[in-house]
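Supplied in structure tokens, the structure appears directly below.
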Amino acid sequence: MFVKIIIVLLLLIVAASLLVERTGASGKRAKASLRPLMMRMAFILLAIAAGAALVHLLSGCARPVDSFHAQDITGADFGQLAKLDGFTDHTGRRLASADFQAKAVVVFFGYTQCPDICPTTLTTMKEVMRLLGPDGDRVQVLFVTVDPERDTQKVLADYVPWFDARFVGLHAAPDTTRKTAQAFKVFYAKAAGGTALGYSIDHTAESYAYDPQGRLRLKIAHGASARQISEDLSKLLAGK
């Protein structure tokens, strides 16, 4: 709005300058004295407009103090943690989302034979827990397999805690897994012949983060740094 006002003033100066140009011989003296003044005013207004535009640009690029690195999806109507109730964890225990009250929760869908995305994500989360220090005990990472035929309880028990003993691997029947993934807007599909084991699985690479009240808050992109994730989780733990 401020820049628009400056532009209007510049247009008025140009209009006044044109009127001066049209004055006759009797107005030569006035013309000579007004032109330098108008030029100075024009340069000053241009400088102010440029400064205002720069400030506006920089303020638009700046990250608000309380914003997140991950995509803020607060209020999303999908991905309720309760949808995982009844899944079996890698110790054979039935999951109850109520057990994670007062904790921030990170949910990731993957499979143990994944060659890149899954081990990278879990390795990053291991570093996140280290960066959080004592607050790491207030974060629960859940690894939900999209390959329940191969990822048995024993396979998950050998795989998931290897990254961090606090991580929990979850599995369910194939039909339950499919319906739950849909409820979380997670895609996965088998790709025949992808590995020596017969098939690989294409799947969504993002993770979801929940605040201690169990509300879905963030979608964490694959490739986010451990420091970025730890800062976001710290904010959730602080009630942001």
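Since every read-out is calculated from the coordinates, none of them should be taken as a lab result. Since we're looking at a predicted model, the values are computed, not measured. Note: ideal-geometry Cβ built from the backbone for every residue, glycine included; neighbour counts use all protein chains shown.
Report the antiparallel proportion of the DSSP beta bridges in the range 71-237 as a percent, rounded to a multiple of 5.
Beta bridges within the range 71-237, antiparallel portion: roughly 65 percent.
For a quick check of your reading of the filter: which trypsin sites (Lys or Arg not before Pro) in the range 107-204 sit in a DSSP loop and have no more than 15 other Cβ atoms within 10 Å?
The qualifying sites are Arg150, Arg166, Lys185.
Which loop GluC sites (Glu not before Pro) in the range 134-240, with loop taken from DSSP, have no more than 14 other Cβ atoms within 10 angstrom of their Cβ?
Hits after loop and neighbour filter: Glu149.
Let me ask another. Can you list the residues of the range 120-164 with backbone N under 18 Å from a point 7 Å past the Cα of Phe187, pointing along Cα to Cβ?
146-147
Quick one: Kirkwood hydrodynamic radius for the range 71-237, alpha-carbon pairs, angstrom, one decimal?
One decimal place: 15.8 Å for the Kirkwood radius.
Kindly count the pairs of lysines across the range 71-237 whose alpha carbons are less than 28 Å apart, treating pairs on different chains or eight or more residues apart as eligible.
Taking the Cα cut-off of 28 Å, the pair count is 28.
Another question, then. Could you work out the mean projected area of the convex hull around the alpha carbons of the range 148-207, in square nanometres to one decimal?
Averaging across all directions leaves 4.8 nm² for the Cα convex hull.
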